[in-house]
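Written out below as structure tokens is the structure these notes cover.
The values are calculated or read from the model by the stated rules, or taken from the named source; none is laboratory data. What you are looking at is a predicted structure, and each value in this text was computed from that prediction instead of being measured. Virtual Cβ from ideal backbone geometry, glycine too; neighbours counted across all protein chains shown.
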Amino acid sequence: MTRFIIRRVLFGVIVLWLVATTVFLLFFAGPADNVARRLAGPRAPMEVIEQIKDTLGLNRSMWEQYASFLGNLLHGDLGISFISQTPVTTLIMQSLPGTLWLVAGAAVLWMAAGITGGVISAVRPRSVLDRTTTVLVLAGISLPTFVLGMLMVYLALSVFPWTGLQPGPYISPLLDLKGFLQVMIMPWVCLAVVQAAVYVRLTRGSMLDTLGEDYIRTARAKGAPERRVTYRHGLRAALTPVVTQFGVDIGTLLGGVVVTESVFGLQGLGQLMIRSVRYGDLPVIIGAAILASAFIVVANIVVDVAYSFLDPRVRLA
Amino acid sequence: MALLEVSGLTVSFPTPDGVVRAVRGMSFEVERGRTLGIVGESGSGKSVSTQTLMGLTRGAEVSGSARFEGRELIGMPAEELRRLRGAQIAMIFQDPLSSLHPLYTVGWQIVELIRIHEPATTKAQARKWAIEQLALVGIPQPDRRVDDYPHQFSGGMRQRAMIAMALALQPKLIIADEPTTALDATVQAQILDLMARLQREFDTALIMITHDLGVIADMADQVLVMYAGKPIEVAERRELYYRPHHPYTVGLLESVPSTTGAKERLKPVPGQPPSLLRPPSGCAFHPRCPYVMPKCRTDVPPLMGEEHLSACWLPLDVVGLGPEAARRRTEESS
């Protein structure tokens, strides 16, 4: 187990190095003038551009720049934002809590709804309840997030203003719990609706496969009550692929829930990324990209380790 | 009164292509402590009919009667039937690897059975009970192996564990559905010996379902041959093996590879099993029967005879294997 984790972490580090290098190349490999020109704006005089190249160290050779980039990265230094002149790590730390809370809250909702819905429709396939769920799932998957989000904002502000729900930047629950909930509930539901739809499908399919297994027949032949057959025998086995997907989704979403954050103005990582791309704030883009990949790498390791706990047949080596 | 009396059982499954008539009138009896062998090809309805008794065929249309100790099983409330399953009537299935839950230990699965039916038992008591059961079926170091997962057991040990579980509550009837089909030939013999020994020890009735007449040659008291969802021949074991009447039974017996006369070519029963969506008219075996008579195509033969029952229009005294019996059958049918 320990050996497995060490190997996976080393492998993850290699992946992150590859990501960092790719991002570095994408932005720095071109002629230095392009980078400076983009920063300075199309009408800036040559002197300004030269000055920018100097400050950013863009006059050095690419290898020198790459070495200092990697060196800084190893020290956790992601550089300084071109635009706001604040360290990238500070910007990320400011945006991270909003995204973390958004993903965590939504995850609870979508897992509860997704697994419940999936089990209900799998236990009675082709029933009215199953068909209804299927239609809702299709609606959930097809509905674009920004449409759903804007609809929710409209309803909250003009039809149900007494709820106090409103779009706005993240507020720490430690400072103002009520304000936190008023800001977070809508993004939670919005993100959870789409995800829940996916998880209903996943759970239903996995559950239908499992319920057709021989060991389910054995459980019934033993005289196990139907509830026990469904949950202890069926759902327990059906959960494995669901948990795998869950880990991967969490990793991906933590890297930035761009649309949901933007619709509700949550000021999370996703929005930070959008802003940086719009202004060409290269150090922030690089920092956010590396962080997003780190989340995915870690999530995958966690999923693999969790797998060995969920299924005794899986041995990590 | 026999332990289990099944009469006129029919089971049909509605499908988009039509109604599949899997069992079309099954009748048999099992006495306490005795063994009934049910033999037939895949799709002859042998598994469906027994699983229906246990209420394990969902979405099936069932009619007929099945009395267990005088209590009618068909139409019995689901909860009442559930209490019988595992406690009074136990089942052993074909593939022990897929029949045991892969994510729970063998011990957990036996403990579960015990505690479902004996809720007053503590976990520790049930665990001790499970270890005793594993010892009974010859699992070495049962106190250690009780915590193993099914994938850590060999094929034969898994089936032993299934048997241990089936016997845990000393059921009056065990239905073993092809219990040795998935096992190696040597392991097969061990498992059959074990089942026979334990059956005598606990005086349990046994229904042994198989497609292989060799499997029940030593075990069954009575043998029932099924074809297209119906019993076509029922007799005491020796009678059936040495003096078979129905041409299908004859075909089955002649297709069994013998361990002594290895030179002979195997004679398979020619043709394909019939469609259960549209069973043939008259005797369901007539399209494959070498002795088919005009009557066979139109009239369904009932089970005829006293002790030795057979559903065939050939005279009841035309029995036996070999060329002489074949000559007599040809004579009678032409």
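Answer yes or no as to whether residue B:140 is within 23 Å of residue B:52 (Cα to Cα) and either in the same structural domain as residue B:6 (by TED's automatic domain parsing) or not aliphatic (A, V, I, L, M) (or both).
For residue B:140, the condition - within 23 Å of residue B:52 (Cα to Cα) and either in the same structural domain as residue B:6 (by TED's automatic domain parsing) or not aliphatic (A, V, I, L, M) (or both) - is not met.
Condition check: out of contact with any helix residue (DSSP H, G or I) (no Cβ under 6 Å at 6 or more places or on another chain), buried (at least 18 other Cβ atoms within 10 Å of the Cβ), at pLDDT below 95 and not assigned by TED's automatic domain parsing to the domain that holds residue B:37. Does residue B:288 satisfy that?
yes
On the given criteria, is residue A:127 closer than 30 Å to residue A:189 by Cα and free of Cβ contacts under 8 Å to residues at least 12 places away in the same chain? Break it down into steps so the answer makes sense when it comes.
On the way: closer than 30 Å to residue A:189 by Cα: yes; free of Cβ contacts under 8 Å to residues at least 12 places away in the same chain: yes.
Yes; evaluated as a whole, the condition is true for this residue.
Report yes if some residue within the range A:255-262 is within 20 Å of residue A:77 (Cβ to Cβ), modelled with pLDDT under 90 and not aliphatic (A, V, I, L, M); otherwise report no.
There is no residue in the range A:255-262 that is within 20 Å of residue A:77 (Cβ to Cβ), modelled with pLDDT under 90 and not aliphatic (A, V, I, L, M).
Condition first: crowded, with 23+ Cβ neighbours inside 10 Å, outside any helix (DSSP H, G or I) and touching a residue at least 60 places away in the same chain (Cβ under 8 Å). Now tell me which residues in the range B:93-105 satisfy that.
Filtering the range B:93-105 down to residues crowded, with 23+ Cβ neighbours inside 10 Å leaves B:93, B:96, B:99-101.
Now drop any that are not outside any helix (DSSP H, G or I), which leaves B:93, B:100-101.
Matches in the range B:93-105: B:93, B:100.
I'd like the residue in the range B:133-161 that is in a helix (DSSP H, G or I) and within 13 Å of chain A (Cβ to nearest Cβ) and, out of all such residues, is surrounded by the most Cβ atoms within 10 Å (Cβ to Cβ).
Checked the range B:133-161; the qualifying residue surrounded by the most Cβ atoms within 10 Å (Cβ to Cβ) is B:159.
So for the range A:61-77 (the condition being in a loop (DSSP other than H, G, I, E, B), touching a residue at least 12 places away in the same chain (Cβ under 8 Å) and surrounded by 13 or more Cβ atoms within 10 Å (Cβ to Cβ)), does at least one residue qualify?
Yes, because at least one residue in the range A:61-77 is in a loop (DSSP other than H, G, I, E, B), touching a residue at least 12 places away in the same chain (Cβ under 8 Å) and surrounded by 13 or more Cβ atoms within 10 Å (Cβ to Cβ).
Look through B:164, B:130, B:90 and report the one residue that is within 10 Å of another protein chain (Cβ to nearest Cβ), at negative phi and surrounded by 22 or more Cβ atoms within 10 Å (Cβ to Cβ). Walk me through it before giving the result.
Numbers: B:164 fails: within 10 Å of another protein chain (Cβ to nearest Cβ); B:130 fails: within 10 Å of another protein chain (Cβ to nearest Cβ).
After ruling out the rest, the residue left standing is B:90.
For the range A:180-295, list the helices (runs of 4 or more DSSP H) that sit wholly inside it and hold at least 2 residues that are in contact (Cβ under 8 Å) with a residue 24 or more places away in the chain; which are they?
Answer list for the range A:180-295: A:236-254, A:258-264, A:269-279.
Looking only at the range A:59-81, filter to residues that are hydrophobic (A, V, I, L, M, F, W, C) and closer than 18 Å to residue A:287 by Cα; which one of those is nearest to the chain's Cα centre (by Cα)?
Narrowing the range A:59-81 to residues hydrophobic (A, V, I, L, M, F, W, C): A:62-63, A:67, A:69-70, A:73-74, A:78, A:80.
Okay, now just the ones that are also closer than 18 Å to residue A:287 by Cα, so A:67, A:69-70, A:73-74, A:78, A:80.
Numbers: A:67: 30, A:69: 26, A:70: 25, A:73: 22, A:74: 24, A:78: 21, A:80: 24 Å.
Across the range A:59-81, the extreme among qualifying residues is A:78.
Do we have any residue at all in the range A:171-181 that's surrounded by fewer than 24 Cβ atoms within 10 Å (Cβ to Cβ), of a type in the set (Ser, Thr, Tyr) and farther than 30 Å from residue A:237 by Cβ?
The answer is yes, given that some residue of the range A:171-181 is surrounded by fewer than 24 Cβ atoms within 10 Å (Cβ to Cβ), of a type in the set (Ser, Thr, Tyr) and farther than 30 Å from residue A:237 by Cβ.
Here's a check for you: in the range B:65-78, which residue that is surrounded by fewer than 21 Cβ atoms within 10 Å (Cβ to Cβ) and not aliphatic (A, V, I, L, M) is nearest to the other protein chains (Cβ to nearest Cβ)?
From the range B:65-78, those surrounded by fewer than 21 Cβ atoms within 10 Å (Cβ to Cβ) are B:65, B:67, B:69-72, B:74-78; that's our starting set.
Okay, now just the ones that are also not aliphatic (A, V, I, L, M), so B:65, B:67, B:69-72, B:75, B:77.
Numbers: B:65: 21, B:67: 19, B:69: 16, B:70: 20, B:71: 15, B:72: 18, B:75: 18, B:77: 13 Å.
By that ranking, first place goes to B:77.
Take the conditions farther than 23 Å from residue A:222 by Cα and touching a Leu at 6+ places or on another chain (Cβ under 6 Å) and apply them to residue B:30. Does it pass?
no
Could you pull out the residue among B:235, B:228 that is modelled with pLDDT of 95 or more and crowded, with 19+ Cβ neighbours inside 10 Å?
B:235
Here are the criteria: (1) more than 14 Å from chain B (Cβ to nearest Cβ); (2) touching a Phe, Trp or Tyr at 6+ places or on another chain (Cβ under 7 Å). Tell me which single one residue A:257 does not satisfy.
For residue A:257, the exception is condition (2).
With the requirement that a residue be among the charged types (D, E, K, R), in a loop (DSSP other than H, G, I, E, B) and in contact (Cβ under 8 Å) with a residue 60 or more places away in the chain, what does the range B:24-60 give you?
Let us first name the residues in the range B:24-60 that are among the charged types (D, E, K, R), namely B:24, B:29, B:31-32, B:34, B:41, B:46, B:58.
Keeping just the survivors that are in a loop (DSSP other than H, G, I, E, B) gives B:31-32, B:34, B:41, B:58.
Hits for the range B:24-60 are B:31, B:32, B:34, B:41.
Do we find that residue A:268 is of a type outside the set (Ser, Thr, Tyr), closer than 23 Å to residue A:192 by Cα and buried (at least 20 other Cβ atoms within 10 Å of the Cβ) in this structure?
Judged against the criteria, residue A:268 is a match.
Just one of B:56, B:84 is within 14 Å of another protein chain (Cβ to nearest Cβ) and touching a helix residue (DSSP H, G or I) at 6+ places or on another chain (Cβ under 7 Å); which is it?
B:56
Which numbered condition trips up residue A:139, out of (1) assigned to a helix (DSSP H, G or I); (2) farther than 25 Å from residue A:118 by Cβ; (3) among the small types (Gly, Ala, Ser)?
Of (1) assigned to a helix (DSSP H, G or I); (2) farther than 25 Å from residue A:118 by Cβ; (3) among the small types (Gly, Ala, Ser), only one is false for residue A:139: (2).
If you scan the range B:291-334, which residues turn out to be exposed (fewer than 13 other Cβ atoms within 10 Å of the Cβ), part of a loop (DSSP other than H, G, I, E, B) and over 29 Å from the mean Cα position of the chain (by Cα)?
Correct list: B:334 only.
If I ask for residues that are within 7 Å of another protein chain (Cβ to nearest Cβ) and over 34 Å from the mean Cα position of the chain (by Cα), which ones from the range A:220-237 would you list?
Result: A:220, A:221, A:222, A:223, A:224, A:225.
Looking for whichever is more than 30 Å from residue B:58 (Cβ to Cβ), in contact with a helix residue (DSSP H, G or I) (Cβ under 8 Å, 6 or more places away or on another chain), surrounded by fewer than 17 Cβ atoms within 10 Å (Cβ to Cβ) and outside the structural domain of residue A:58 (by TED's automatic domain parsing) here; the options are A:306, A:292, A:299, A:288. Which one fits?
On the way: A:292 fails: surrounded by fewer than 17 Cβ atoms within 10 Å (Cβ to Cβ); A:299 fails: surrounded by fewer than 17 Cβ atoms within 10 Å (Cβ to Cβ); A:288 fails: surrounded by fewer than 17 Cβ atoms within 10 Å (Cβ to Cβ).
After applying the criteria, what remains is A:306.
Among the listed residues B:113, B:81, which satisfies the condition of being in the same structural domain as residue B:33 (by TED's automatic domain parsing), surrounded by 18 or more Cβ atoms within 10 Å (Cβ to Cβ) and under 24 Å from the mean Cα position of the chain (by Cα)?
The conditions single out B:81.
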